[in-house]
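Chemist: Got a structure here, written out as structure tokens. Questions coming.
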Amino acid sequence: MPITVTQLNADEVLRYMGCPPEGADAAVRSQVESCTRELLGMIRPRWSWRALEIAFEMEGVRLEGGLLLPGEDLKDHLAGCTRAVLFCATLGAEVDTLIRRAERLDMARALTLDCCASAAVEAVCDQIETELQGKFPGCSFPFRYSPGYGDLPLEIQGPLLDLLDAPRRAGLCATGNHLLTPRKSVTAVLGVAEGKIEAKKRSCLGCPAQGSCQYRKAGGHCGIL
């Protein structure tokens, strides 16, 4: 199904900017609105997915076909699941071009565009997650889990993209440093459990930004909890 994003939550964009929504003045909100309109005219979401059986091993979670997703955190997260849906999503190369152009002219606007794009790719993933959950009626799903979260290493990006045929189907690749390109892209694992499982919440403890998080330093959180 085609994925479209027609609006963004301004408060979420402000959180990505490190600005508490209640502290944003009219000028900042005006810039967020302007950048949101510009970004929404540029994004071209593409995505790919695949469902696989999983097995739990000492070193991590083994996908049907042989790929090991290493680490204890994902294994705990997928407890009770019998399958995993892998997916990737990108806003498209046009967004990278838009942000780079802004960086040459106005760094403050470039930052706002970058944060709008971060909010947009999460909105795309939310839609994809809803679409995928509908394919497994009667099942339960822990929240999506991406490389770099907890102890699931970024090195797994390339193999996940290969399984998803992502370069061909979504125009999405990984660099030698395991970063996704286009930049505003996501790979994720969505567990599928038959029947009910214990509800899970995202935690600051597993977040890769835990040590430098400005929200926690200010006594708050980013809004995903």
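Chemist: In terms of modelled amide H atoms, which long-range or inter-chain residues lie less than 5 Å from the amide H of residue 173?
Modeler: 181
Chemist: For a quick check of your reading of the filter: which trypsin sites (Lys or Arg not before Pro) in segment 90-120 sit in a DSSP loop and have no more than 14 other Cβ atoms within 10 Å?
Modeler: Answer by residue number: there is no such site.
Chemist: Hey, how much of the P(r) for segment 1-58 falls beyond 14 Å, as a percent of Cα pairs?
Modeler: Result: 66 percent of Cα pairs exceed 14 Å.
Chemist: What do you get for GluC sites (Glu not before Pro) in segment 12-70 restricted to DSSP loop and a cutoff of at most 12 other Cβ within 10 Å of the site's Cβ?
Modeler: Listed in order of number, the matching sites are 59.
Chemist: Please give the calculated 222 nm ellipticity per residue for the chain, where each DSSP H segment of at least 4 residues contributes -39500 (n - 2.57) and the sum is spread over every residue; nearest 500 deg cm²/dmol?
Modeler: Rounded to the nearest 500, it is -11000 deg cm²/dmol.
Chemist: With each label point set 7 Å from Cα along the Cα-Cβ vector, what nm distance links residue 9 and residue 44?
Modeler: Reported label-point gap for residue 9 and residue 44 is 2.9 nm.
Chemist: I've got another one for you. Run through segment 120-184 and list the trypsin sites (Lys or Arg not before Pro) located in a DSSP loop whose Cβ has at most 14 other Cβ atoms within 10 Å.
Modeler: Qualifying residues, ordered by number: 135.
Chemist: From largest accessible area down, sort 141, 136, 56; use a 1.4 Å probe on the protein chains.
Modeler: Descending accessible area places them as 56, 141, 136.
The values are calculated or read from the model by the stated rules, or taken from the named source; none is laboratory data. Note that the structure is predicted; figures quoted are calculated from it, not measured. As a convention, Cβ positions derive from the backbone with ideal geometry for all residues, glycine included, and neighbour counts pool all protein chains shown. What goes into the accessible areas is simple: the full protein's heavy atoms, side chains included, and nothing from ligands, DNA or RNA. Shrake-Rupley method; radii C 1.70, N 1.55, O 1.52, S 1.80 Å.
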